[in-house]
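Heads up: the structure comes next, in structure tokens.
The values are calculated or read from the model by the stated rules, or taken from the named source; none is laboratory data. All values derive from a computational prediction rather than experimental measurement. Cβ placement follows ideal geometry from the backbone for every residue including glycine, while neighbour counts extend to all protein chains displayed. Note: areas computed on protein heavy atoms with side chains; ligands, DNA, RNA excluded. Shrake-Rupley method; radii C 1.70, N 1.55, O 1.52, S 1.80 Å.
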Amino acid sequence: MKNFKKIATATVGMAAMMMLAGCSTAANSSKKGNTASGNTIKIGVNMELSGAVAGYGEQQKQGIELAVSQINSKGGIKVDGKKYKIKAIYRDNKSTTSGSASVAAQLVNNDKVQAVVGPATTNDSTAAIPNVTKANVASVSPSATDDGYTLDKNGKVQKYVFRSCFDNSYQGQTAAKFVTNTLKGKKVAIIADNSSDYGTGLAKAFKKQFSGAIVSTQYFQEGDKDFNAMLTAIKNKGFDAIYAPGYYSEVGLIVKQARQIGIKTPIIGSDGMADPKLAQIAGNANANDIYYTTPFSTKSADTDTTVKSFMDAFQDKFGTEAPTFSALAYDSVYMVKAAIEKAKSVNSEDIAVAMAKIKNMKGATGTMTVDAKHNPEKPIAIEQMNGGKVEKAITVK
């Protein structure tokens, strides 16, 4: 009986200790979000690495790889006296909204990342929002430009949603002012991509800002190849410029076919044109009098040491000139780094709170401050292309 009492007492004691340990574990796990373990901060990459817009995803992957390698080569990120290296976890969303939602869930729930970079497009990025929000993990899209991307359906800011690119309204308004003030255009024809919010949003913003006349508005779909009927229909409308918001894959063909039927007026577009493939598709001889808004210009390297450093490092690593989408993704990683340092924490909830407070961060796409709607405030550039080459960049503040 004595032995039984001793065993019973010991058992009760052990049970009490286990209960206390359980309470302690519960208390530790009650903190929102994902916290880094060991010496590694994990950044999830939800990216279009195959499918319709894989070209953008691959460029953004290169920018991410460069940023991660630079940060790690300099010792990583220091938090409370401890240094952490970054591990990027890449997952392919296959350029689909369902794939993006699934990848987001894997990254935040299985991989337990501290932040997410991507996806590239607005539609894919939007599909990921519920899963990153539920897990209290901040996501930064390098190129989701729809005005409402960082807002919920009631217009309230989404706590865990950020971007390093401009929204459509800013780009469209800037293009409209440029046509009026610089090109002195009074009549414009619009040819826009209506297969996503990207093209339609830009066209809407341009129309709202432009003080002249819109003589025609035509729409095309992603993947269209023949624009001759559309261009022939507007050829004699007497316009001073064409505004063609869309991606280089279609706009390159629009430029080519417009020039081939004798339309010589300036063609103005958006950052979806900011890729060397635009001139390859259009043909250098046709790519004249082309302008597009962009958050990044290689010409900025002439006066900005941060841009020059990025471009030199990109050239060394990949053997080619840095495209805009690589620069945006590169800055997205540095936004995560800046937020971690500001938060002095490796917990995803703390990182999200700090990301909203980023101010005057020097990046490849300019010095940025995150505004109240989680958009970056920074200069915008308009690049001018002639003979398939970017001749100059005009900075608009």
Practice task
Being surrounded by fewer than 21 Cβ atoms within 10 Å (Cβ to Cβ) and in a loop (DSSP other than H, G, I, E, B) is the filter; apply it to the range 346-357 and report the residue that is farthest from the chain's Cα centre (by Cα).
Solution key: Lys357
Exercise for the section: Sort out which residues of the range 298-314 are at pLDDT 85 or above and either under 17 Å from Gly63 (Cα atoms) or touching a Gly at 6+ places or on another chain (Cβ under 7 Å) (or both), and write them in order of number. Expected result: Thr298, Thr306, Val307, Lys308, Ser309, Phe310, Met311, Asp312, Ala313, Phe314
Practice task
Kindly list the number of the only condition in (1) open to solvent by 10 Å² or more (accessible area, probe 1.4 Å); (2) assigned to a strand (DSSP E or B) that fails for Gly51.
Solution key: (2)
Handout entry: Wholly enclosed strands (runs of 3 or more DSSP E) of the range 68-147 bearing at least 2 residues of a type outside the set (A, V, I, L, M, F, W, C) and in contact (Cβ under 8 Å) with a residue 24 or more places away in the chain
Key = 82-92, 139-141
Completion exercise
Every listed condition ((1) in contact with a helix residue (DSSP H, G or I) (Cβ under 9 Å, 6 or more places away or on another chain); (2) open to solvent by 10 Å² or more (accessible area, probe 1.4 Å); (3) among the β-branched types (Val, Ile, Thr)) holds for Thr133 save (1)
Exercise for the section: Look through the range 77-99, keep the residues that are β-branched (Val, Ile, Thr) and in contact with a strand residue (DSSP E or B) (Cβ under 9 Å, 6 or more places away or on another chain), and return whichever of them is nearest to Lys337 (Cα to Cα). Expected result: Ile77
Exercise for the section: Go over the candidates Gly57, Gly33, Gly63 one by one and state the one that is surrounded by 12 or more Cβ atoms within 10 Å (Cβ to Cβ), more than 25 Å from Leu328 (Cα to Cα) and modelled with pLDDT of 95 or more. Expected result: Gly33
Exercise for the section: Look at the range 174-217 and say how many of its residues are under 25 Å from Ile281 (Cβ atoms) and over 27 Å from the mean Cα position of the chain (by Cα). Expected result: 6
Exercise for the section: Kindly list the number of the only condition in (1) farther than 30 Å from Asp152 by Cβ; (2) free of Cβ contacts under 8 Å to residues at least 40 places away in the same chain; (3) touching a strand residue (DSSP E or B) at 6+ places or on another chain (Cβ under 9 Å) that fails for Ser297. Expected result: (2)
Problem - Qualifying position, being of a type in the set (A, V, I, L, M) and either crowded, with 18+ Cβ neighbours inside 10 Å or modelled with pLDDT under 95 (or both), among Ile190, Ile214 - result: Ile190
Problem - Gly223, sole failed condition from (1) over 24 Å from Ala381 (Cα atoms); (2) modelled with pLDDT of 95 or more - result: (2)
